[in-house]
1. If Lys and Arg each add +1 and Asp and Glu each add -1, what is the summed charge of the other residues whose beta carbon sits under 11 Å from the beta carbon of residue 48?
2. Using +1 on the beta carbon of Lys and Arg, -1 on that of Asp and Glu, and nothing else charged, what's the dipole of the stretch 61-148 about the Cα centre, debye to 20?
3. Based on Cβ point charges of +1 for Lys and Arg and -1 for Asp and Glu, what charge dipole magnitude is obtained for the chain about its Cα centre, in debye rounded to the nearest 20?
4. About its Cα centre, what dipole magnitude does the stretch 182-296 give when the only charges are +1 on Lys and Arg Cβ and -1 on Asp and Glu Cβ, stated in debye to the nearest 20?
5. What stretch of the chain, leaving out the sites themselves, is the longest with no GluC sites (Glu not before Pro) in a DSSP loop having at most 14 other Cβ atoms within 10 Å?
6. What value, in deg cm²/dmol to 500, does the helix sum -39500 (n - 2.57) over DSSP H runs of n ≥ 4 give at 222 nm once divided by the residues of the chain?
7. Report the label-to-label distance for residue 77 and residue 209 in nanometres (one decimal), using points 7 Å from each Cα along the Cα→Cβ vector.
8. Want the number for residue 169 to residue 155: 0.36 nm per residue separation, take away the alpha-carbon distance, what's left?
Amino acid sequence: MRMALLSTPVTVRVPATSANLGPGFDALGLALSLHDEVEARVAGDGVTVEVIGEGAGDLPGDESHLVVRAMRRVFDELGERPAGLALRCRNHIPQARGMGSSSAAIVAGVTLARALVSDGAERLGGHDLLRIAAELEGHPDNVAPCLLGGMTIAWTEDSGAAAVRVDPAASIRPYVFVPQERGLTEVARAALPATVPHADAALNAGRAALLVHAITVDPSHLFVATEDRLHQGYRAPSMPGSAELVATLRKAGVAAVISGAGPSVLALATGGWAPSPSPGWRVLPLDVDLVGALVGVDLVWGTLEHADRDPVAAG
């Protein structure tokens, strides 16, 4: 049976994310209140992509765009591709800064493709969206909070990626320090050793467990809980400014970490703390995005629905 495609445009809003959060390498992630919005409609032939905002002039305007590639991955799973697509991307998430811009594009693509198929939600559940998104990204730590919102704990098993979602304490305020220079995830991963000392792995396991408690129940433990020995130190030589800023903030008692693969820095603030201006850094005062990917039809934002009506896992 052929797919029945919507004739009207569909729009998705997806949040920025910060992964790792210090000790939770490739597992923990946080959705942030900075969003990309992508509108897609079925077209007669070919693919066009208009990019406004972050990435305009740099990102491709054809079928090689990551949103399109993610959409086609879902269409292939459903058994049929539409003849053409027309996309408009309004981007606010900085590109290649460790804030999940690629995960946002992937989640936008998989949710848009499902939404453009009239019975897409019945044919692909939320666990399928996460599985496909993680396969495209290579790991689930950013795509999970982008899809589900809040804080997520993600992992991969034989059937693919899975995640649980939890609500951070309302008193936590994220600040992201964004530098001018960009970073590449593949470069950051190449800096990691094949093995680490057992003591460092044990420390990170304990800190990651404590971090879930600190973020959800008792933020007074955030500083200790964000200590890491698995990845940030090894990556420091490739982003010395970011490493220096993390050290400066932590010396002042702030729970600061490298955001994702960097070079942005995430500070999890409590008690009314706010950063001073930092030369060379754009400081973004944000909130935790509690809803994740939202989908709407005909740009009627009042009727936006959560992209995942079939929970990936209870949290």
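Quick note: the coordinates plus some simple rules give every number you see, no bench work behind them. As the structure is a prediction and not an experimental result, all values here were calculated from the model. In this analysis, Cβ positions are derived from the backbone assuming ideal geometry, glycine residues included, and neighbour counts consider all displayed protein chains.
1. Details: positive: 41, 88; negative: 45, 50, 62, 63.
The answer is -2.
2. Values: 10 positive and 11 negative charges, 64 e Å.
The dipole magnitude comes to about 300 debye.
3. Working: 24 positive and 35 negative charges, 127 e Å.
So the magnitude is around 600 debye.
4. 260 debye
5. Working: sites that count: 80, 181.
With a cap of 14 other Cβ atoms within 10 Å, the longest stretch comes to 182-315.
6. When only DSSP H runs of four or more count, the value is -9000 deg cm²/dmol.
7. Using points 7 Å along Cα→Cβ, the separation is 3.3 nm.
8. 2.8 nm
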